[in-house]
Amino acid sequence: MKAIVHYGKTGYEGLAYTDYPEPVLKAQEVKIRLKTAGLNHRDLFVLVRHQPDAPPIVIGSDGAGIIEEIGEGVTSFQKGDEVVVIPSLGWEKNTPAPPEGFEILGLPDDGTFAEFIVLPELNVAKKPAHLSWEEAGVLSLGAVTAYRALFTKGQIQEGDTVFIPGIGSGVAILLLKMAKAVGARVIVTSRYETKRQKALELGADLVLSSQEDWVEALKNETIDLVIDSVGAATFQKSLNVLKKGGRIVIFGASAGDSVDFNLRDFFYGQYQLLGSTMGSIEEFHDMLEFISKHDIAPMVDTTYPLEACVEAMRRLEEGEQFGKIAFTVS
């Protein structure tokens, strides 16, 4: 089969669109002919984390396709079913944190940037009928991340005001859509005027520039919940606008891992700082039910053929996209 494989060298130099052994089906597994896949920042990190002396690996965590074959003992699916991939490996039930041994599809196991993938029955779900193939292919990682951050960790309620720095990523857009679906007021930021305008079109109640004074701009707002994936560049600014006793959920650190903040101000303010990453298989199914009920779909920025993977990665790396980048596979 054809696949995007990383081996031999670190970074882009180790990437190749090439022939790769087709996966072998075992009991309790399903074989999927992938139609679409989705690109994530994680795929950029894998190019560095996957070492040159490690065995070749197919990258990619998001995907959707049609079941080609089912293994012995599979009861939930049959050949021809349209499905999406669940990339949470080894995290079945909703728990406060992932269990030991939790992994994300695409490293160390072969991922979705290929014509076929074999997965445990547990890691597959029926494709929501309202999603196109491109939307289904980019759904999984971002949507379960957004769902856990907003509901399991953030405990969002109708009428809350939610602040989301850095609108434009696939997760941030899903956070906006999910929050609006439960009746929240949503405020977002971006460096780019085009992204701020698109956020308004998607239902954001207020948009701010990343460069302006957020405290001054939000002096008449009560921010109940902050969902921040930017990291060092926005953490203190986000904390400064959060109401006393409010909740801030961190699920990423694209602008730096380390922050300094005043502990005395923090505990006097009774703030709640919550970490989140990905989500369990149980939460994935809850997310599918939620987006189907509210007719929510991920935003697809652009679609590339799989062999144009490097070009797509460059677009993501430069931050040009608004939404998710999809691949057509078959």
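For segment 136-244, the set of GluC sites (Glu not before Pro) satisfying both a DSSP loop assignment and a count of at most 14 other C-beta atoms within 10 Å is given as 158, 212.
When the pairs 31/127; 153/244; 79/127; 198/243; 35/180 are compared against a 20 Å limit on Cα-Cα distance, 198/243; 35/180 fall above it.
The accessible surface of segment 1-61, taken with every protein chain in place and a 1.4 Å probe, is 55 percent carbon and sulfur.
Can you work out the FRET efficiency for the pair residue 27 and residue 92, with r the C-beta to C-beta distance and R0 = 22 Å, to the nearest 0.05?
On the way: r = 18 Å, r/R0 = 0.82.
It comes to 0.75.
Of the beta bridges in the chain, as assigned by DSSP with both residues counted there, near 60 percent are antiparallel. On full extension, the segment bounded by residue 18 and residue 102 gains 27.4 nm, given 0.36 nm per residue less the C-alpha separation.
Using mean Cβ contacts within 10 Å as the protection proxy, how do 28-40, 74-86 order, highest first? Don't jump to the answer; show the numbers that get you there.
Values: 28-40: 24.0, 74-86: 16.6.
Packing order, densest peptide first, comes out as 28-40, 74-86.
The shape of segment 103-202 can be summarised by an equivalent ellipsoid whose semi-axes, obtained from the alpha carbon gyration tensor, come to 28, 16, 13 Å from longest to shortest.
With a 1.4 Å probe and all protein chains left in place, how much accessible area per residue does segment 67-189 have, in Å²? Don't skip to the end; give the middle numbers.
Details: 4320 Å² over 123 residues.
Heavy-atom SASA per residue in segment 67-189 reads 35 Å².
Report the Stokes-Einstein translational diffusion coefficient (µm² s⁻¹, integer) for segment 12-60, Rh taken as the Kirkwood radius over Cα pairs, at 4 °C with viscosity 1.567 mPa s.
Using the Kirkwood radius from Cα pairs, D works out to 98 µm²/s.
Size check on segment 290-330: the Cα extents along the three principal axes, sorted descending, read 36, 27, 11 Å. Short to long, the 5 Å bins of the Cα pair-distance histogram for segment 34-101 hold 3, 12, 16, 17, 21, 17, 11, 3 percent of all pairs.
Averaged over residues, the count of other Cβ atoms within 10 Å places the peptides 127-136, 53-62 in the sequence 53-62, 127-136, highest first.
Rolling a 1.4 Å probe over the protein heavy atoms gives segment 261-302 an accessible area of 55 Å² per residue. Estimated at 0.36 nm per residue, the fully extended path between residue 258 and residue 240 surpasses their Cα-Cα distance by 4.8 nm.
Count neighbours as other Cβ atoms within 10 Å of each site's Cβ, and list the GluC sites (Glu not before Pro) in segment 250-330 that are DSSP loop with at most 15 such neighbours.
Values: sites: 282, 283, 289, 307, 311, 317, 318, 320; in loops: 318, 320.
Filter output for segment 250-330: 318, 320.
Label sites at residue 109 and residue 292, each approximated as a point 7 angstrom past Cα along Cα to Cβ, lie 2.3 nm apart. Nonpolar atom fraction for segment 262-318, defined as the carbon and sulfur part of the 1.4 Å probe accessible area, stands at 47 percent.
How much area per residue is accessible in segment 1-58 when the probe is 1.4 Å and only protein heavy atoms are counted (Å²)? Intermediate results must be reported in sequence, preceding the final value.
Numbers: 2840 Å² over 58 residues.
With the other protein chains kept in place, segment 1-58 gives 49 Å² per residue.
If you build a Gaussian network model of the chain, linking Cα atoms that sit under 10 Å apart, which residue out of 11, 170, 154 swings the most? Largest GNM mean-square fluctuation: 11.
On segment 109-188, 45 percent of the accessible area sits on carbon and sulfur atoms, based on a 1.4 Å probe. The modelled label-to-label distance between residue 158 and residue 200, using points 7 Å beyond Cα along the C-beta direction, is 2.8 nm.
The values are calculated or read from the model by the stated rules, or taken from the named source; none is laboratory data. All of these numbers come straight from a predicted model, not from anything done at the bench. Quick reminder, even Gly has a Cβ in these numbers, built from the backbone with ideal geometry, and neighbours come from all protein chains shown. Surface accessibility is based on the protein's heavy atoms, side chains included, excluding ligands, DNA and RNA. Shrake-Rupley method; radii C 1.70, N 1.55, O 1.52, S 1.80 Å.
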